[in-house]
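The values are calculated or read from the model by the stated rules, or taken from the named source; none is laboratory data. Here the structure is a predicted model, which means the values were calculated and not measured. Note that each Cβ is placed from the backbone with ideal geometry, even for glycine, and that neighbours are counted across all protein chains shown. Remember, those area values only see protein heavy atoms, side chains included, never the ligands or the DNA or RNA. Shrake-Rupley method; radii C 1.70, N 1.55, O 1.52, S 1.80 Å.
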Amino acid sequence: MQKNNSPYTSLTGCTFLYYEFKRILPVLMSADAEKLLKEEVENNQILQVNSRTSRQRFAVEFKRRYAAVPAQFWREWLHWSEAGQRAGLFYAILKAYKLVFDFHVNVAMKKWNSIDHKLTADDIQMEFNEISAHDAFVDGWSAATKKKCASCYLTILRQTGLLQEKTDELTPVKPDPEESAYYIHTGEEWFLEACFLYPYEINEIKSHLP
């Protein structure tokens, strides 16, 4: 089906993959990124992913995530804690995929600000119905593709630390002050709200910034 200029892309090609992304990041940051990525797809020296098809798919998605934010972000990201890096990778994913952004803002953040903090695949499916009603490209996706996308989003939340594995309860992630400073200084304070921080917590962080 033709894409019809839809802003949406499927999530089925790649979930969170924190460790794989961290290993490949120096390649993405290099001047010879394209050449080195092609070599990695063939030789599997860094990703340690057995399937060539998967390596090829991951390379495409990793490039998308890397390009979604300024290069300076990744230079700072390298020095953060693992929790901060996981949050930062989620930030790049929100920037790279409108589907994830809409799921998060329209469903997860609304849930967080309500009494019910439990998030399930059914909640995401309702948002899919809303998107499908206004986007013919997404409306043409199969039920299986939509189910896989919802599952991928929930996996991304769990691996970011924003969703409890056993209870499906949303839970905040609180980057260290120096990690949070990046988002505040670059006008991306909204991301701290996306980590389920309350306004008073964000103001507290801001009050201690140089």
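Observations
- Cα-based shape type of the stretch 67-135, given that a ≥ b ≥ c are square roots of the gyration tensor eigenvalues and the cut on a/c is 1.5: oblate
- Cross-link pairs exceeding 18 Å in C-alpha to C-alpha distance, out of LYS110/LYS206; LYS38/LYS63; LYS118/LYS166; LYS98/LYS206; LYS95/LYS148; LYS22/LYS166, comprise LYS110/LYS206; LYS98/LYS206; LYS95/LYS148; LYS22/LYS166.
- Choice from ALA181, ALA144, ALA108 showing the highest fluctuation, given a GNM over the chain with Cα pairs closer than 10 Å: ALA144
- Over the chain, DSSP H runs of length four or greater, each weighted -39,500 (n - 2.57), average out per residue to a 222 nm ellipticity of -18000 deg cm²/dmol.
- Cα gyration tensor shape of the stretch 1-101, rounded if a/c is under 1.5, else prolate or oblate by comparing a/b with b/c: oblate
- Measuring r between the beta carbons of GLN72 and ALA143 and using R0 = 41 Å, the FRET efficiency lands at 0.50.
- Net charge dipole size for the chain [Lys, Arg +1 and Asp, Glu -1 on Cβ; Debye, nearest 20]: 700 debye
- For the pair the stretch 117-158 and the stretch 180-205, the centres of their Cα atoms are 27 angstrom apart.
- Using a probe radius of 1.4 angstrom, the carbon and sulfur fraction of the accessible surface of the chain is 51%.
- Kirkwood Rh (inverse of mean 1/r, distinct Cα pairs), the stretch 128-179, angstrom: 13.0 Å
- Whole-number accessible area per residue in Å² for the chain, which is evaluated in the context of all protein chains at 1.4 Å: 51 Å²
- Taking only the alpha carbons of the stretch 66-202, we obtain Rg and Dmax values of 15.2, 44 Å in that order.
- Peptides 95-103, 135-143 ranked from most to least packed by the mean count of surrounding Cβ atoms within 10 Å: 95-103, 135-143.
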